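To start, the structure under review is shown below, and the notes come after it.
The values are calculated or read from the model by the stated rules, or taken from the named source; none is laboratory data. As the structure is a prediction and not an experimental result, all values here were calculated from the model. Note that each Cβ is placed from the backbone with ideal geometry, even for glycine, and that neighbours are counted across all protein chains shown.
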Amino acid sequence: MNYLIDVLRGKIDERITQLGHDKLSVFGVGHAHTIDIWRGVFRQLIAQGYLSVDTEGFGGLALCERCRPLLRSEEALWLRQITKPVKISRKTCDRPDFFSDEESELWEALRACRKQLATERGVPPYTIFHDTTLLQMLHERPTNLDEFTEISGVGAHKRDTYGAVFLSVIAPFARRTR
């Protein structure tokens, strides 16, 4: 399939020129389409029974009997339009909308603490704690190491390494709500 796509897209390489496929009338006619689009076309032709994969040989493609009316223009070909998948960016949340002012203040303090620890250690902030762990700290507001360990994402190592620091950030806010 890749070789056929290279011919259709007009790719010049040693094998194509050696076999004379650069002289074919179809050479380069599909240069405007991406490799992914051509793969999608071939997959659909295989799925609809117009092409078959030679599983016993080198995996080449072969025309099936079903393609004859298509080649004689006696039948129309319907293919699904190939579209690029939409990429969803996963950006860390700066401040979820549902926060009160106090929650916002604690959220920013937790993130600043995490950022400082990450910078000191030369690691990305999420390796200290993920946002979901910080959110749970914000909601639970632990006051001691036992409560801190109950937060999802906090094991013994992270409790011992970061517990006191994060508890000191949470402490002023914990007093306000209790």
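So the values come out like this:
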{"read-out": "Odd one out for T132, checked against (1) among the hydroxyl-bearing types (S, T, Y); (2) at pLDDT 90 or above; (3) farther than 30 Å from K158 by Cα", "value": "(3)"}
{"read-out": "Residue selected from the range 48-58 under the condition in a loop (DSSP other than H, G, I, E, B) and among the small types (G, A, S), by the criterion modelled with the lowest pLDDT", "value": "G57"}
{"read-out": "Residue match in the range 22-43 (condition: over 30 Å from R114 (Cα atoms) and modelled with pLDDT under 85)", "value": "no"}
{"read-out": "Subset of the range 9-42 [assigned to a helix (DSSP H, G or I) and closer than 18 Å to Q81 by Cα]", "value": "I35, D36, I37, W38, R39, G40, V41, F42"}
{"read-out": "Residue check, L110 farther than 16 Å from T161 by Cα, touching a residue at least 60 places away in the same chain (Cβ under 8 Å) and either hydrophobic (A, V, I, L, M, F, W, C) or in contact with a helix residue (DSSP H, G or I) (Cβ under 7 Å, 6 or more places away or on another chain) (or both)", "value": "no"}
{"read-out": "Residue identified as assigned to a helix (DSSP H, G or I) and either exposed (fewer than 15 other Cβ atoms within 10 Å of the Cβ) or without any contact (Cβ under 8 Å) to a residue 40 or more places away in the chain (or both) among L77, L4, L45", "value": "L45"}
